[in-house]
Structure formats: structure tokens, C-alpha cells
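Notes for the one structure printed next.
The values are calculated or read from the model by the stated rules, or taken from the named source; none is laboratory data. This one's a predicted model, so the numbers in the text were calculated from it and none came from an experiment. FYI the Cβ positions are ideal-geometry reconstructions off the backbone, even for glycines, and counts take in every protein chain you see. Remember, those area values only see protein heavy atoms, side chains included, never the ligands or the DNA or RNA. Shrake-Rupley method; radii C 1.70, N 1.55, O 1.52, S 1.80 Å.
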Amino acid sequence: MAFVEAGRKVFVANRNELAVGLGKKVEIEGRELALFMQEDGSVRILDNKCPHKGGPLSEGIVSGNYVYCPLHDWKICMKTGSAQGGDQGNVACFTVEVEGDDIYVFI
Amino acid sequence: MNKEKVVLIGNGMAGIRTLEEIIKREPNRFQFTVFGAEPHPNYNRILLSSVLQGDSSVSDIVLNDYDWYERNQIELFTGDAVVRVDCRKKEVWSASGIKRTYDRLIFATGSDPFMLPLPGAEKEGVIAFRNIADCESMINAAKSYQKAVVIGGGLLGLEAARGLLNLKMDVDVIHIADHLMDRQLDSDAGKMLKAELEQQGMQFHLNKKTVKINGHKRVKGISFSDQTSIKADLVVMAVGIRPNVQLAKQSGLKVNQAIVVNDYMETSEEDVYAVGECAEHRGIVYGLVAPLYEQGKVLAEHICTNTSNEVSGYKGSIVSTKLKVSGINVFSAGAFRDQDETKSIRIHDEFAGVYKKLVVKNNQVVGAVLFGDTNDANRILSLIRSGEDISAISKAALFPSETNDSSPSVVATMADEETICGCNGVSKGEIVCAIKEQGLSTVAEIRQCTNASRSCGGCKPEVAELLALTTGTDIMAKPEPLCGCTELTHEAVVASIREMGLSYVREVMSVLGWKSEEGCSKCRPALNYYLGLISPLDYTDDAHSRFVNERVHANIQKDGTFSVVPRMYGGVTNPEQLRKIADVAEKYNVPLLKVTGGQRIDLLGVEKEKLPNVWRDLGMRSGYAYGKTLRTVKTCVGEDFCRFGTQDSVSLGIEIEKKYEGLNTPHKVKMAVSACPRNCAESGIKDVGIVGVEGAWEIYVGGNGGVDLRSAELLCKVATNEEVMETISAFLQYYREQATYLERTSHWIERVGLESIKKVIFDDSIERAALIERMEMALSRHKDPWTEIVESEEKQQQLFEKKKIAVKQGGGM
Ligand SMILES: Cc1cc2nc3c(=O)[nH]c(=O)nc-3n(C[C@H](O)[C@H](O)[C@H](O)COP(=O)(O)OP(=O)(O)OC[C@H]3O[C@@H](n4cnc5c(N)ncnc54)[C@H](O)[C@@H]3O)c2cc1C
Ligand code: SF4
Ligand code: FES
């Protein structure tokens, strides 16, 4: 796992800005995050950078807990940030808190 | 609940197999920790050759993925070697400083390739062939270098050489002995092998001793003891392996050539075991998986039962090998060399390139070499293992495949105890039993259940045959499933969608029993396409199942920016358009403006959030440079200006492009119209290419200018523009309905044959009319995606809005 140490709590988005099955790119202080809302309403936040060659994960095809990088189709687990199959690498995952419709990230 | 702690050093084939065997017997008794020096989960080292030869990808050869470790609660440290073991305190430390205590410790550290200690061996470009990293460096070297030299004409060297040939390198193989694979073959078979491999393009230098590696920083060549030398940009050493025993030695274990173990894989230290290539049993170190897996099984039994006398122990193995180079069948087993006290039975058919030899001692088969035809390998291996007296056995029974009546297959005549999968020691009886008891219906299921064919895959044909024999179905004919989420083929899925009237992606997956509820990046776009094809008027496209290019209607580039290619019908433009493109390029600081191969202008490097504005300002339609759809219709100058032109190629091209733009197709479709056979629009390498001749148009189909360069074939010759349009409609609609998703016209035509297509679109007038009608229906739904997005606030927000958050000082909010 590659969870980033919890830091400041920052508001990132309102729930209605997200759509299930589509990633959303949010920039915080020059750092790009990829937000994903799951069918059960939970939200996952990863660094928007594929461990392979830095592809923007927010643009990938989302299937359940996995996102497929749009550049070379690596399969990344959104829960752990780790690349699947024979691919090797991790993308940082952030701790998320949802209060009502407001989504916060610890960064 | 205190579980017994088992620590495994080495995340390779033997070690993990041992854990699998333990878990099979005692799923919950142990707490496992695995350290692996390589940064990968457990993979099939044997199949590195097929990765190098381009038949598999790295992810295909993973034996147990991270999920497996998680499911079995195995703590895994990859890319972290164990550097210290204290057998007294029962502790191990890894390079990164992790410490674990153990109740039982297993060494499975495998071996390192042996690098000849030649002057210059440390130069860049000199590598071994042992792991994924080596494979990757060969693949990379092939991109910029031409000449590869493999030192070592054994099994591994030849597999590496074949891979390098596939990577389009020139390959020289240097071998010190006078024939290839001298550890496995006699000189007759070795010579036949050399001739075959030379035909494949390898060059051999036998009886050569390498003495020096030349070059400054990077290797430039190698020199031999006979004063000759050759050039080389890449040198692969495949001269042997050396057990990896340094850690064991430091830890006080008894080591000869490798870590000394008894019949229960116990080392000289209490509760410390060794399996695999790092272990030496009765003086022998094995370098093939079959014996290592036998060792793993024995060790697992021993650890699970606690006492030695309940398990029979490991008695050593008879080894056999096959060469994994496609088109070449080589098998060797046991003591294959002729000796004074041995006699042999030989079949040598120089016409057929077949050589078979059985070495017999005291009426027992002790070894064999087969070349060209290895069908009898399993039969022979079991003769060697059983030590049966063969004096009474007929020749036909020794070489069942020589009897020539292929009807009762070799597998059918095998006894139940005979081994089918040598690597994993799975017998015919076990496989048949599993098929019957668990109702298995595919080779993949058999692999899962019994491990048969999980390693080198050499026995896959036999396993499939056995499945066919047992279930009475022809499994070999079973084509590829749509993707890893299902066993169903493209055709079966399409048929079910039609029959059951399925209408959503998720519905298809749940009704047809997809293995993963959500599908993957392969099946979702395919299902989305098929659903749209089947119900063009009712189906709402599922944007979430589309690749980003088609979702945001622009091409994603390697840095995450996008490129914009406006439509320019037939490659024709005008000053106003050009001016507009120039203005937009200036306004949005487009870093690169480029004329494409399809006669259009590409604005490269646009950030995603700017796309809708760029489109609005351009006011042009999407050129679909990103989609599985009609891309462009390229045209030549034609009759108005060209002195050779006989027809108006420009108008026809524009007409075609306007009609078919935005059509969803299995893969991209490119077209062209040239006004004479000089073919300036390159009609001969397009999916549909039109060529004007005096008074007529020729229509060519199935061409491809891409990786698989293929020239188009003549479909027909017609007189009028209307006929051209009709024929294109019938052809493309048939392609849309019959090809599998992501199949280009060139591959489709090769698969089904042009004649079968002609039959439908020309000979069957009812079907032709129906195809044309269905095409019109599909086309009726087209809307320009750029205009749609420019007009929809919601789409812009959902797909393109960029969100930037400034964090207030003092932290958060
Ligand atoms: C290209 C190729 C083709 C082959 N083809 C065949 C074939 O067709 N048939 C066949 O039977 N065999 C074949 N083999 C041989 C077969 O792959 C090996 O015999 C088998 O993999 C050995 O298993 P092992 O577990 O002993 O070692 P390995 O699979 O090598 O595993 C050992 C692992 O231990 C790790 N390790 C070492 N030291 C440490 C440490 N201190 N801490 C942590 N980890 C450590 C290593 O990184 C390695 O991953 C082939 C081998 C190669 C390279
Ligand atoms: S294809 Fe023939 S008509 Fe067209 S530009 Fe070339 S030479 Fe002229
Ligand atoms: S950058 Fe993500 S797969 Fe290559």
C-alpha cells in the first residue's frame, strides 16, 4: 500500500461534481489529484499520475475498484494504489473524508 | 491464536510452489512472510523466453498476483533481499531493515547466471538471461542496436537467440562444443537442430572459445582464442547457472555446490530448509522446475506432518527437457548418450527431419532423444521412470506415433498413471478425474484445478486432447474468449445480445455471468460497440465504457495534453479555414501545428479544459482523428488539375467522407480516392480505396499501411458514383456486423476470405439491400460531437472543467 501520511484536511469537491465511472482531476497547490466516486458513494483519491509513465489516471476507464490508465492500459487498484497483473508500481492514495456532500482530502 | 511463522527467502518458482502446497494441506495453520529480491510477484521464469519471443507480456506470465498473497494473508516484501539470518535467534533481516522471526525458514534463493570472467565482461550491453529485467534490457537494446551475440548454444542460449531474432536483431551464437545443446542431445540431433535454426536465421560459431569482450564503455565486439573476432552491440551470456548460496554460507548452513539437504529438504540447521536451484540433494543440483516442484511437495508434506517418517521423502528425479522455440520439437531425457554397456534403437528419417533414439541398458530404457517429432515423449518418459523390461514390447508400443494411424491418439493409449504435465507432475488419471468430478470444460480450468500446463505450457496440446477425449468435444477449436472476464467469444456474446435482447453493458455482464462484475478496459468498449451496432436507434452510448479519446473527442498525447484535428472533407480547405486555424493556434498557444498523413491539420498540445473553447472558435466539425470510426478520405488532385486524371477524385472523396463521417466501426477505417492508377492518394493501402480508370472506378478493400502492411484487394469495378456508394455501404455494414471489435478490415478479410464477402454483398441481392438499409439507419444517428459539447454546459462541466483549489494559509478549512 502507498497511503500518504495524513496531513491537512482540505475541501476538494462537492459530491455532485463527481459522476460514478468518470474520474475528476483537481489541482491543489500544483499537485494533481484524481477523484473517483464509487457506486456505493464512497470516494477514492489518488495522485493523478500513473506509476508507469505518469499518465493521467483521471482520464482512464473505471471498472469497479480499478482504473485503467489511458496511456498504456495499466490496471491500478484505487483502494491500494498498486498496479495489477505483472506490472509493478504504486500510486499514492489519500485519506478521504466525506461530510454530507462535501469531500475532504488529507494532504 | 498464535500461528506458526514460516519465512520464505526467495519469491521464485520453487519457493512459492512450496507455499501453495502447504496452503493446500493446511490453509490456516501458518503465518507466512515472503522476501523477494525482484520487484515482482511470483512469475513463471520459464516463460521469459516467450516474453522475449513476443508471444506473452509480463503480466501474462505472473503465476500468483498480489491478490493471491492478500487472499492467503501472506506478508510480501518485493524488491527487498534478505541480507542476514541468525539461526540461533531464528531471525532474518532484509536489506531495507525489516526483521522477522521464524519458526521455520525456507531458503529458495534460486541461482544466478554464470558470467564468464572475461576481460570486458563488465561493459554496458553485456547481460544474462534470467529475469524480467534482462528481458527488458534485450527488448530495449533491440530498439537501437542491430547485432546480438549469444554466448552459449544450450537451451537457454537458443531461446534467447530466437527471441532476439524476433526482435529483428542479427544473431550470432557462439558455442564451445562441436554441437548445439550438447548437454541434452547427441551429435546427430545436434546437427539437425543447427540446420533448422540456421534456416530461421541464426548464425553459429561452434568450437569457439571467447576470450575477450571489446569496446570502450559499451560492448563493440568479442574476440576468440583463434585470434578471430566478430562485432556485437549486445552480448547475452547463457553459459550456465550458479546456485545462489552466499546468504546460506554466511548463515552457517552446510554448502557444497549448493545448500546441502536430506530427503526431507532439511539443511544442517534446525528448522531451516532449502528447495529449488539453491539446494543440493544426494550430490545433485537440479535446474529445471519439475524436480524442484517435487521437492516443494515433499517439503510441504514434511512441514505439515511434523514427523519425517510419515512422508516418503524425496528420492531424486529423472530430468527431461524440451526446447521452447516455435517450429522446432526437441526432447531429451535421462542418460541419452551411447555408452559401452548401452544399445540404442534409432529412427532417422532425413527426409522428414525426424530423429528418434532410445538408449537401452539391461533391457530397460534409460534415456532418449527425440528430434522433429516429440509425440512419444511422455510415453518414453514413463518407460524410463517405470524401468519396465522392454524386451517383450513391440516397436510400435515404444514409438506409438510411428504406427502412423493417427486415430487412437497417443494420449488415448496412455495409462492413467502416466504423466501428462512433466513440470508439475500431473498424471493423466488426475486430469481425467478433475474433468469428470468438477465438470471442467476448458484448459484454463484444468490449469487452475490441477496445475497441469501451468509452467512451460508444452503439454497444453495433450491436456486439450485429453479434455476433448473425456468430454467428447473439440476443445482445440475453441477460439479466444472476448477478454479475461468471460469464457465467451465475441460471436457468442453478440449472439446472446441479439437473442436475449440485452440493452446495457452491465446487463450483458451480469446475464452472461461475467467473472468480474465491472468488466475491464477490453470488454466494456467492445460491449458498448456491439450494443450500438445491434440497436442503432435505441441504444444510448455508454461514455464511461469509451477510451478517453472517444469520450472527450480528442487524442490524448503522452504528456496528457490533447490534439485537435478538424474535419477537412477530402483534404480540401480554403483561405478562411486556414486563417481560422492560424488564429486559434495563436490564441491558445498551440505548441505544434502539423499536417497529418491523412491530409489534415493537427493542433497538438492543447490542454483538456481548453478543448471546448478551441472547438467553438474553430467552428469546424470533428475530424474524428481519435475514434474507431471513419478517419479520413484522402484524395488526389484528380481530373481538374492533374494531367493524368481521368475522374473527379476530389468530389467523390468529399461525398464519401460526408456520408460516412461519425460511423462507429470495429476499428478505425481509412479511405482514399485516386483518379488514376498512379494512386497518389495511396488507395492501395486503405481499408477502402477507390481508383479511377477510364470510365469506371475500381474499389479495393482490406489494405493497411500500419504495422501489418498489407495491400488492398480488388473488390469490384463499377461505373457510377452511386454504385461506389452502395458498394461501400454494403461492405462496411457487413464488416461492422461480422468483424470482432478491434479487428481491422485487413485482419477480418484474412480471417474470412474476400470471396465469402463478395458472395454476400454481390450475389445475394436481398441481403445487399438489407445491409445498405441498416447502414442508412446507423448513419441517421450521427451528430457532430464537438458541436454537441460546445452547446452543452453540463457535458463541459463533467468532462472538461479543470478544478483548482487554493489552500488557505493555516491549513485546510
Ligand atoms: C529463460 C529461462 C527459461 C527456462 N526454461 C525452462 C524450461 O523450459 N523448463 C524448466 O523446467 N526450467 C526452465 N528454466 C529454469 C527454471 O526457471 C528454474 O529452474 C526455476 O525457476 C528455479 O526455481 P527457484 O525457485 O529455485 O529459483 P527462482 O525461480 O530463480 O527464484 C529464486 C528467487 O529468489 C530471489 N532471491 C535470491 N536471493 C534472495 C534473497 N537473499 N532475498 C530474497 N530473495 C532472494 C531471486 O530474486 C529469485 O526471484 C528456465 C529458466 C530461464 C531463466
Ligand atoms: S492518382 Fe493519378 S490523377 Fe490522381 S494525382 Fe496521381 S497521377 Fe494525378
Ligand atoms: S503511463 Fe499509465 S500505463 Fe503507461
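Restricted to region B:624-639, and to residues there that are hydroxyl-bearing (Ser, Thr, Tyr) and within 28 Å of the chain's Cα centre (by Cα), the residue that is farthest from ligand 2 (Cβ to nearest atom) is B:Tyr626. Restricting region A:50-88 to residues that are buried (at least 20 other Cβ atoms within 10 Å of the Cβ) and of a type in the set (D, E, K, R) leaves a set whose member that is nearest to the other protein chains (Cβ to nearest Cβ) is A:Glu59. Against the list (1) more than 9 Å from ligand 1 (Cβ to nearest atom); (2) open to solvent by 50 Å² or more (accessible area, probe 1.4 Å); (3) in a loop (DSSP other than H, G, I, E, B), the condition B:Lys5 fails is (3).
This table checks each residue for (1) within 14 Å of chain A (Cβ to nearest Cβ); (2) free of Cβ contacts under 8 Å to residues at least 12 places away in the same chain; (3) near ligand 1 (Cβ under 10 Å from one of its atoms).
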residue	(1), (2), (3)
B:Leu76	yes, no, no
B:Asp80	yes, no, yes
B:Val83	no, no, yes
B:Lys89	no, no, no
B:Trp93	no, yes, no
B:Leu105	no, no, no
B:Asp112	no, no, yes
B:Pro117	no, yes, no
B:Ala121	no, no, no
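Any residue that is outside any helix (DSSP H, G or I), within 24 Å of B:Glu776 (Cα to Cα) and open to solvent by less than 10 Å² (accessible area, probe 1.4 Å) - is there at least one of those in region B:742-754? No: zero hits. The residues on offer are B:Lys587, B:Lys522, and the sole one that is out of contact with any helix residue (DSSP H, G or I) (no Cβ under 6 Å at 6 or more places or on another chain), open to solvent by 10 Å² or more (accessible area, probe 1.4 Å) and within 24 Å of A:Val62 (Cα to Cα) is B:Lys522.
Scanning region B:56-70 for residues that are within 9 Å of chain A (Cβ to nearest Cβ) and within 20 Å of the chain's Cα centre (by Cα) returns B:Ser57, B:Val58, B:Ser59, B:Asp60, B:Ile61, B:Val62, B:Asp65, B:Tyr66. Selection of region B:26-49 for residues being open to solvent by 20 Å² or more (accessible area, probe 1.4 Å) and more than 10 Å from chain A (Cβ to nearest Cβ) yields B:Glu26, B:Pro27, B:Asn28, B:Arg29, B:Gln31, B:Ala37, B:Arg45, B:Ile46, B:Leu47. There is at least one residue in region B:512-524 that is at pLDDT 90 or above and away from chain A (no Cβ under 14 Å). Of the residues in region B:262-280, at least one is away from ligand 2 (no atom under 16 Å from the Cβ), under 29 Å from the mean Cα position of the chain (by Cα) and under 29 Å from B:Ala161 (Cα atoms).
Within region B:239-250, the set of residues being modelled with pLDDT of 95 or more and part of a loop (DSSP other than H, G, I, E, B) comprises B:Asn244, B:Val245.
The single condition among (1) over 22 Å from A:His72 (Cα atoms); (2) among the polar types (S, T, N, Q); (3) away from chain A (no Cβ under 14 Å) that B:Gln53 does not satisfy is (1).
Across region B:519-537, the qualifying residues are those that are outside any helix (DSSP H, G or I) and more than 27 Å from the chain's Cα centre (by Cα), and the one among them that is nearest to B:Thr635 (Cα to Cα) is B:Pro536.
Of the strands (runs of 3 or more DSSP E) lying entirely inside region B:340-443, those containing at least 3 residues that are of a type in the set (A, V, I, L, M) and modelled with pLDDT of 85 or more span B:354-361, B:364-371.
Could you list, in sequence order, the residues of region A:62-78 that are within 12 Å of ligand 3 (Cβ to nearest atom), under 12 Å from A:Leu22 (Cα atoms) and among the aliphatic types (A, V, I, L, M)?
Residues of region A:62-78 that are within 12 Å of ligand 3 (Cβ to nearest atom), as a first pass: A:67-76.
With under 12 Å from A:Leu22 (Cα atoms) added as a condition, the list becomes A:67-68.
Across region A:62-78, the qualifying residue is only A:Val67.
Output yes when any residue across region A:89-107 is out of contact with any strand residue (DSSP E or B) (no Cβ under 7 Å at 6 or more places or on another chain), away from ligand 3 (no atom under 13 Å from the Cβ), more than 9 Å from chain B (Cβ to nearest Cβ) and part of a strand (DSSP E or B), and no when none is. Within region A:89-107, one or more residues are out of contact with any strand residue (DSSP E or B) (no Cβ under 7 Å at 6 or more places or on another chain), away from ligand 3 (no atom under 13 Å from the Cβ), more than 9 Å from chain B (Cβ to nearest Cβ) and part of a strand (DSSP E or B).
Scanning region B:667-688 for residues that are within 11 Å of ligand 2 (Cβ to nearest atom) and open to solvent by less than 10 Å² (accessible area, probe 1.4 Å) yields B:Ala672, B:Val673, B:Ser674, B:Ala675, B:Ala681, B:Ser683.
Is there a residue being within 16 Å of ligand 1 (Cβ to nearest atom) and in contact with an Asp or Glu (Cβ under 9 Å, 6 or more places away or on another chain) anywhere in region A:63-86? Before you say what the answer is, go through the steps one by one.
Residues of region A:63-86 that are within 16 Å of ligand 1 (Cβ to nearest atom), as a first pass: A:86.
With in contact with an Asp or Glu (Cβ under 9 Å, 6 or more places away or on another chain) added as a condition, the list becomes A:86.
Yes: one or more hits.
The residues in region B:755-780 that are over 38 Å from the mean Cα position of the chain (by Cα) and not aliphatic (A, V, I, L, M) can be counted, and the count is 9. From the list A:Gly41, A:Gly30, A:Gly7, the one residue that fits, being more than 16 Å from ligand 1 (Cβ to nearest atom), facing another protein chain (nearest Cβ under 10 Å), modelled with pLDDT under 90 and at positive phi, is A:Gly30. Considered as a group, the residues in region B:627-666 that are open to solvent by 10 Å² or more (accessible area, probe 1.4 Å) and more than 27 Å from B:Ala696 (Cα to Cα) include one that is nearest to ligand 1 (Cβ to nearest atom), and that residue is B:Lys628. The residues in region B:85-129 that are over 15 Å from B:Thr33 (Cβ atoms) and out of contact with any strand residue (DSSP E or B) (no Cβ under 7 Å at 6 or more places or on another chain) can be counted, and the count is 6.
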